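Novice: Sharing a structure with you now.
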Amino acid sequence: MNDAQSAVWTEALLAAGAVAALGLAGGSLAGWWVGMVAAAAGLLGLSLFHLVHLARLLRWLQAPAGTPLPGAMGAWERVFAVLHRRARQASDERRHLKATVARFRRAGQALPDGVVVLDRDGAIEWLNPIAAAQLGLSLQQDRGYPIINLVREPEFAAYLQAGRYSEPLLLRPGRNPGCSLALQVVPYGGTQKLLLARDIGQLEKLETLRRDFVGNVSHELKTPLTVVNGFIETLLDGYGEFSAADANRYLRLAHEQAQRMQTLVDDLLTLSALETGPLAPDEKVPLAALLEDILVETRALSAGAHRFSVQLPASVCLLGNRAELHSALGNLTSNAVRYTPSGGSVSIAWRSDPAGGGALSVCDDGIGIEAQHLPRLTERFYRVDRGRSRQSGGTGLGLAIVKHVLTRHQAVLEIESQPGKGSCFRVRFPARRLAASSERGAAGPSA
Ligand code: ADP
């Protein structure tokens with residue numbers, strides 16, 4: 001027996017003793033019936049005392065959880081205290097349980113994949129917002145309904161019923177066209193099931209891109225390789241029969257093709273370095289000096305066939321990687337030359353913007369580009385005119401390189417073009433990519 005129990009027993013004995021004492025005292029003072037009445041009154045008082053506390057207890061038990069404990073005396077005080085402690089423990093456990101469930105729900109909601117909890121009959125108990133979006137379901141409306149009545153693809157019903165869950169099911173849900181899902185059921189707790197849904201659309205897209213890329217590279221290498229092989233075979237077969245001039249011509253043509261392959265491999269390596277390479281620490285790159293270097297190469301490419309005009313404030317200084325910026329801007333100026341017929345002009349200009357950034361534009365009055373091609377120009381190997389690009393030594397990777405370099409410098413490329421009139425490629429640098437400059441001035445047009 002613990003302390004509280006023995007205290008209650010002690011109080012019960014004391015009460016019984018008090019009633020007996022009352023009866024005996026009344027009996028000895030005023031006769032036995034007075035003693036009986038006194039004892040009865042004592043018992044009545046005791047019963048009333050207990051009834052009042054019982055009523056308070058009942059009222060408290062029926063009151064909402066958390067209602068303060070009513071006042072009590074004697075053994076009842078202990079009873080109330082024990083009950084109160086129990087109620088508080090239960091409410092703490094409930095709160096703890098609620099918090100745990102909420103934590104699990106939040107974790108389920110934060111998962112990058114769809115999750116649906118199914119009961120033993122395959123009815124939905126819970127699902128996270130990703131599963132709702134992927135499968136076109138709603139937790140409020142669909143809770144309690146069998147999932148096969150809602151996701152109505154026959155292969156899904158067959159997968160659920162077959163019970164062989166070691167392999168995922170690839171599904172394109174009718175309620176969410178365009179989405180590709182890998183579904184997998186994980187049984188748990190004996191009868192329940194967890195349905196996991198992963199969107200593999202992105203993976204499929206990447207796989208298609210990879211396949212296209214390998215196909216494109218092979219195709220790009222195949223033509224020059226075939227030509228080089230052809231010349232070598234011709235020279236080998238007719239060794240000694242060709243004049244020195246013919247042999248020299250064949251070798252020069254083979255060399256041209258080999259150089260084409262070299263350019264392609266160089267561009268591929270540049271792209272790969274841009275995609276996977278670490279960012280080099282920023283350096284201050286004076287724009288005018290950078291373009292001076294670039295224009296030496298561009299003018300050599302033009303071989304005097306184009307007019308050039310440059311409008312650049314001498315003070316503009318970019319923050320970034322010099323070699324990458326050289327490659328990106330050099331691609332734009334060389335494209336301007338390659339896609340502008342002889343006699344055309346190329347103009348390069350800088351314009352600061354009010355937000356502290358600025359834009360470098362490379363414009364030409366060349367062949368221009370039809371509007372439908374503009375959004376795809378920075379894709380690898382995308383060309384408007386494959387023949388023209390190859391003929392002018394293009395690899396189809398120039399603008400992809402430009403885009404990667406600009407992304408690494410938080411800059412964006414804007415393209416405006418009109419077929420037959422010319423194109424403008426504008427590179428917009430944010431303020432954080434400009435080093436503070438004090439001087440102002442413009443280099444005049446150079447022919
Ligand atoms: P390429 O090596 O073929 O020039 P790019 O990636 O540099 O590859 O350019 C992709 C395509 O964009 C080119 O094939 C060409 O059709 C078009 N293009 C790029 N710059 C210009 C320009 N200045 N004028 C017209 N067309 C251009």
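No value in this document is a laboratory result; all are computed from the given coordinates. All values reported here derive from a predicted model rather than from experimental measurement. So basically every Cβ, Gly included, is an ideal-geometry build from the backbone, and we count neighbours across all protein chains shown.
Novice: Under a 5 Å amide H to amide H cut-off, with H placed in plane at 1.01 Å, what residues pair with C317 once short-range neighbours are removed?
Specialist: L287, A435
Novice: Another question, then. HN-Hα J couplings of the range 396-408 from phi, Karplus 6.51/-1.76/1.60, θ = phi - 60°, integer Hz, Gly and Pro as x?
Specialist: Working through the residues one at a time gives x, 10, x, 6, 5, 5, 4, 4, 5, 4, 5, 4, 5 Hz.
Novice: Which ³J(HN,Hα) values, rounded to whole Hz and listed in residue order, are derived for the range 348-353 from phi using the Karplus coefficients 6.51, -1.76 and 1.60 in 6.51 cos²θ - 1.76 cosθ + 1.60 with θ = phi - 60°, glycine and proline given as x?
Specialist: Computed from phi, the couplings for the range 348-353 are 10, 8, 10, 9, 6, 10 Hz.
Novice: To the nearest 20 debye, what charge dipole does the chain have about its Cα centre, counting +1 at the Cβ of each Lys and Arg and -1 at the Cβ of each Asp and Glu?
Specialist: On the way: 47 positive and 41 negative charges, 286 e Å.
Once rounded to the nearest 20, the dipole reads 1380 debye.
Novice: Here's a follow-up. If you check each cysteine of the chain for another cysteine whose beta-carbon is under 4.7 Å away, which ones come up empty?
Specialist: Lacking a cysteine Cβ partner under 4.7 Å: C179, C317.
Novice: Right, another one. Using the Cα centre of the range 333-436 as the reference point, and only Cβ charges (+1 on K/R, -1 on D/E), how large is the resulting charge dipole? Debye, rounded to the nearest 20. Can you show the working numbers first?
Specialist: Values: 15 positive and 8 negative charges, 79 e Å.
In total the dipole reaches around 380 debye.
Novice: Amide H neighbours of I200 under 5 Å, counting only residues 5+ apart in sequence or on other chains, H built in-plane at 1.01 Å?
Specialist: Distant-sequence amide H within range of I200: S180, L181, A182.
Novice: Counting Lys and Arg as +1 and Asp and Glu as -1, what is the net charge of the other residues whose Cβ lies under 12 Å from the Cβ of L268?
Specialist: -3
Novice: What is the set of long-range amide H partners of L127 at a cut-off below 5 Å, with H atoms built 1.01 Å from backbone N?
Specialist: Here the answer is V117, since their amide H atoms fall under 5 Å of that of L127.
Novice: What residue among S91, W76, G45 has its Cα farthest toward the positive end of the dipole of the range 3-94, where the charges are +1 on Lys, Arg and -1 on Asp, Glu, each on the Cβ?
Specialist: S91
Novice: Also: Tell me, how many Å apart are the Cα centres for the range 176-199 and for the range 320-360?
Specialist: Taking the Cα centre of the range 320-360 as reference, the centre of the range 176-199 is 51 Å away.
Novice: Can you grab the distance from the C-alpha centre of the range 21-95 to the C-alpha centre of the range 402-432, Å, no decimals?
Specialist: Rounded to whole Å, the Cα centres lie 88 Å apart.
Novice: Now for a separate question. Extension gain A355-L58, at 0.36 nm per residue separation less the Cα-Cα distance, in nm? Each step should come with its number before you reach the end.
Specialist: Values: separation 297, 0.36 × 297 = 106.92 nm, distance 7.27 nm.
Result: 99.6 nm gained on full extension.
Novice: My understanding is that a pair violates if its Cα-Cα distance is over 30 Å; which of K222/K284; K284/K403; K205/K421 do that in this structure? Can you show the working numbers first?
Specialist: Values: K222/K284 41 Å; K284/K403 21 Å; K205/K421 36 Å.
Among K222/K284; K284/K403; K205/K421, the Cα-Cα distance tops 30 Å for K222/K284; K205/K421.
Novice: Going by the alpha-carbon gyration tensor, a ≥ b ≥ c the square roots of its eigenvalues, is the range 1-127 rounded (a/c under 1.5) or, if a/c is not under 1.5, prolate (a/b greater than b/c) versus oblate? Could you put the intermediate results ahead of the total?
Specialist: Values: a/c = 4.99, a/b = 4.15, b/c = 1.20.
Prolate shape, in that a/c is at least 1.5 and a/b is the bigger ratio.
Novice: At 0.36 nm per residue, minus the direct Cα-Cα distance, what do Q418 and S166 gain on full extension? Give it in nm, one decimal, please. If you can, show how the numbers build up before the last one.
Specialist: Working: separation 252, 0.36 × 252 = 90.72 nm, distance 5.63 nm.
Answer, rounded to one decimal: 85.1 nm.
Novice: Here's a follow-up. Looking at W32, I124, S315, which one has the Cα that reaches farthest to the positive end of the dipole of the chain (charges on Cβ: Lys, Arg +1; Asp, Glu -1)?
Specialist: So the residue furthest toward the plus end is W32.
Novice: Among S361, G422, G189, flag the residue with its Cα farthest along the positive direction of the charge dipole of the chain, charges on Cβ as +1 for Lys/Arg and -1 for Asp/Glu.
Specialist: G189
Novice: For the chain, calculate the relative contact order in percent as a whole number, restricting contacts to Cα pairs under 8 Å that are 6 or more residues apart.
Specialist: On the way: 599 pairs, mean separation 42.7, N = 447.
Once normalised by length, the contact order is 10 percent.
Novice: For the chain, what proportion of DSSP beta bridges, expressed in % and rounded to the nearest 5, is antiparallel? Let's see the in-between values first.
Specialist: Values: 48 of 53 bridges.
For the chain, the DSSP antiparallel bridge percentage is about 90.
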